[in-house]
1. For the stretch 5-103, which fully contained strands (runs of 3 or more DSSP E) count at least 1 residues that are more than 18 Å from the chain's Cα centre (by Cα), charged (D, E, K, R) and over 30 Å from Ala116 (Cβ atoms)?
2. Out of curiosity, is Glu42 surrounded by 11 or more Cβ atoms within 10 Å (Cβ to Cβ) and of a type in the set (D, E, K, R)?
Amino acid sequence: MGSIGLLLGAVLYPVLNQMTVKRRLRKWCEENAGSDKTFTCEVELNQSGIHAKSNGTQIIYAWENVTDIQETQDSVDIYSERGGLVVVRKRVFTSPEQRLQFIGLASQYLKTAQKASPSDGAS
């Protein structure tokens, strides 16, 4: 009988835990960002880095810390060291040309930063 309870607990725990985490995360977001379903975020690319502004907070990702730029099915994702991520949804671009221009500019800034910083292992 005890093994049935143990088996049942092992099966149900992941599902119940996921539901609990989602509920707590949703509540935390509503408390910190309001109950609106829409979040406004501004992303600006310039020589100093990626400037992401949302809810009165600005985060700057220096190009030297950016590790990758990837285009996915519905977004342009910019990864940085230590788990940083800026996601720009494709729906914000008014045209495919504007999206390609954004990716090109980001790639250009990243390449410039990579050339300017010495490689890891050089002494």
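Computed from the coordinates by the stated procedures, all read-outs in this text should not be read as laboratory data. Because the structure is predicted, anything quoted here is derived from the model rather than measured. Cβ placement follows ideal geometry from the backbone for every residue including glycine, while neighbour counts extend to all protein chains displayed.
1. none
2. Values: surrounded by 11 or more Cβ atoms within 10 Å (Cβ to Cβ): no; of a type in the set (D, E, K, R): yes.
Against the criterion (surrounded by 11 or more Cβ atoms within 10 Å (Cβ to Cβ) and of a type in the set (D, E, K, R)), Glu42 does not qualify.
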